[in-house]
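Engineer: What follows is a single structure, and I will ask about it in a moment.
Nothing in this text is a laboratory measurement; each read-out follows from the coordinates by a stated rule. These numbers come from a predicted model, not from an experiment. No Cβ is skipped: glycine too gets one built from the backbone with ideal geometry, and neighbour counts run over all protein chains shown.
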Amino acid sequence: MTDPAPLRRPHHDGSALYVADPAPRPGQRVTVRVRVPHASGVTEVHLRQVTDGEPEFRPATRVASDDLESWWEAEVVCHNPVTGYRFVLSGETSGYQWLNGTGVHDRDVPDAADFRLVTHDPPPDWALDAVVYQVYPDRFARSAAAPPVTQVAPDWAIPAGWDDPVTAEPHLAGRQLFGGDLDGIAEHLDHLERLGVTTLYLTPFFPAGSSHRYDAATFDAVDPVLGGDEALRRLVRAAHERGLRVLGDLTTNHTGDRHEWFVAAQTDPAAPERDRYLYDETGDYVSWLGVPSLPKIDHESTSVAERLFDAPDATVRRWLAGPDGLDGWRVDVANMTGRWGAQDVNHEVARRMRRAVQETRADGLLIAEHCHDHSRDVDGDGWHGVMNYSGFTRPLWTWLRHPARPRASSARR
């Protein structure tokens, strides 16, 4: 039996049905709406917004009603770059209630989950309805002209036949090399278009010590195993000719232990690259989650900012530049970038990277991987958005594996 409770709950969200302009300008007044079922007992609605840190209230107006529900409107004044708001609901039978992003509450609650309007520049229009397809280059397709894997395999690799099974051994999985390349992806763009794909997201393409390449050995070249720099240009050019966009994948949190910066830092304690990494109280380098092959970048280093974001040939800018440049970046473990112990410059990193993207490609997109609650990290002036694991992936997993959900086998019976 369907739970009738949701039918009695007032509702508001960020969709066009409820927010007149999701990307307002500073100072703009934005009409917002809330749907109030009659069964909720609510007969009066106020908007509460926070301006310069202080709450203010204004009455909402009932603008439509039928046998089941009423619609109410009020205006949010976007005086600050980020404006939080919620609705205050009242009625003889309902009492006072507060509606924010987590639902209806019988008491006043902290502002953290309030709805928000942001006046910073919005994401590019093309990204709003993009259909994104993630490609792991080693295992997507081998081009017709690709040499045998055994001829191009680096010293770390275990060459595999294209039809070999993928190993489940954790210590071997990243070393198994099937030899997919960027020209192979370009030769299968017809397939992606038939699927309805509008944006291609490539996992890292830099030389590394693994097939996943999240342990980059340099940020200045495309892995020769994938076809090198020219293969990336050919792929992006072919995608752009079809109206497709292409995103790259960058590890701003760490490099690999084969990275030229790290090799220099370990070889010579006086090397200028040494300050690009973090070190603990014993003098040992810090690594991502304790994985020794992934030394963690120190984003308080001015030379890191210069090499990754600020210089004309910085990594972020170089691969976006020109007609055959990428259309944006996805940032690996962005939630941990610039954070270690007492250090937290994550928002500064996001803003620097956003500036580098926008100055190089006005319609470039910047997406952050965020593995849990991203609400404190997305104020609109840094990452355009996040890979929403907590808001989509994990709820979907929970729904799929819920014990009350029929399994395929029982459904067939």
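Engineer: For region 279-308 and region 167-237, what is the separation of their C-alpha centers, rounded to whole Å?
Structural biologist: Centre-to-centre distance over Cα atoms comes out at 25 Å.
Engineer: Further question on the same structure: Sorted by average packing, counted as other Cβ atoms within 10 angstrom per residue and highest first, what order do 21-28, 53-60, 137-144 take? If you can, show how the numbers build up before the last one.
Structural biologist: Numbers: 21-28: 13.6, 53-60: 12.0, 137-144: 19.6.
The densest-packed peptide leads the list: 137-144, 21-28, 53-60.
Engineer: Considering only DSSP beta bridges where both residues belong to region 125-401, give the percentage that are antiparallel (nearest 5). Before the final figure, lay out each step's value.
Structural biologist: Details: 7 of 28 bridges.
So the antiparallel bridges in region 125-401 amount to around 25 percent.
Engineer: So for the chain, taking the charge dipole from beta-carbon charges (+1 Lys/Arg, -1 Asp/Glu), which of Ala23, Ala404, Val291 sits furthest toward the positive end?
Structural biologist: Ranked along the dipole, the leading option is Ala404.
Engineer: Could I ask something else about it? Whole Å is fine, so just give me how far the alpha carbon centre of region 57-100 lies from that of region 329-345.
Structural biologist: If we compute the Cα centre of each part, the gap is 37 Å.
Engineer: Over region 300-413, one equal point on each Cα, no solvent: what is log10 I(q)/I(0) by the Debye formula at q = 0.18 Å⁻¹?
Structural biologist: Log-scaled intensity ratios, in q order: -0.90.
Engineer: Still on this structure: Which label belongs to the value computed from this structure, given these candidates for percent of Cα pairs over 27 Å apart: [x] 68; [y] 61; [z] 55?
Structural biologist: [y]
Engineer: Same structure again: If the only charges are +1 at each Lys and Arg Cβ and -1 at each Asp and Glu Cβ, what is the size of the charge dipole of region 30-171 around the Cα centre, to the nearest 20 debye? Walk me through the numbers before you get to the answer.
Structural biologist: Numbers: 10 positive and 22 negative charges, 15 e Å.
It comes to approximately 80 debye.
Engineer: Order of 93-99, 34-40, 147-153 by packing, highest average Cβ count within 10 Å first? Display every interim value, and only then the final one.
Structural biologist: Values: 93-99: 16.0, 34-40: 19.1, 147-153: 13.7.
By packing density, highest mean first, the sequence is 34-40, 93-99, 147-153.
Engineer: Around His188, under 14 Å between beta carbons, what's the net of Lys plus Arg minus Asp minus Glu among the other residues? Numbers along the way, then the final one.
Structural biologist: Details: positive: Arg139, Arg142, Arg194, Arg234, Arg242; negative: Asp181, Asp183, Glu187, Asp190, Glu193.
Summing Lys/Arg as +1 and Asp/Glu as -1 gives 0.
Engineer: While we're looking at this one, here's another question. Count charges around His46 for me, please; just the other residues with Cβ under 11 Å from its Cβ, Lys/Arg as +1, Asp/Glu as -1. Write out the running numbers ahead of the final one.
Structural biologist: Values: positive: Arg48, Arg58, Arg86; negative: Glu44, Glu56.
Summing Lys/Arg as +1 and Asp/Glu as -1 gives +1.
Engineer: Just the Cα atoms of region 208-309: what Rg and Dmax do they give in Å?
Structural biologist: Taking only Cα atoms of region 208-309, I get Rg and Dmax of 15.8, 54 Å.
Engineer: Rank by packing, highest mean first: peptides 329-340, 65-76, with packing defined as the count of other Cβ atoms within 10 Å averaged across residues.
Structural biologist: Numbers: 329-340: 22.1, 65-76: 16.1.
Per-residue Cβ counts within 10 Å, averaged per peptide and sorted highest first, yield 329-340, 65-76.
Engineer: Taking the Cα centre of region 125-401 as the origin, how large is its charge dipole in debye, to the nearest 20, when only Lys and Arg (+1) and Asp and Glu (-1) carry charge on their Cβ atoms? Present the calculation step by step, with values, prior to reporting the outcome.
Structural biologist: Values: 27 positive and 44 negative charges, 112 e Å.
Dipole magnitude for region 125-401 comes out near 540 debye.
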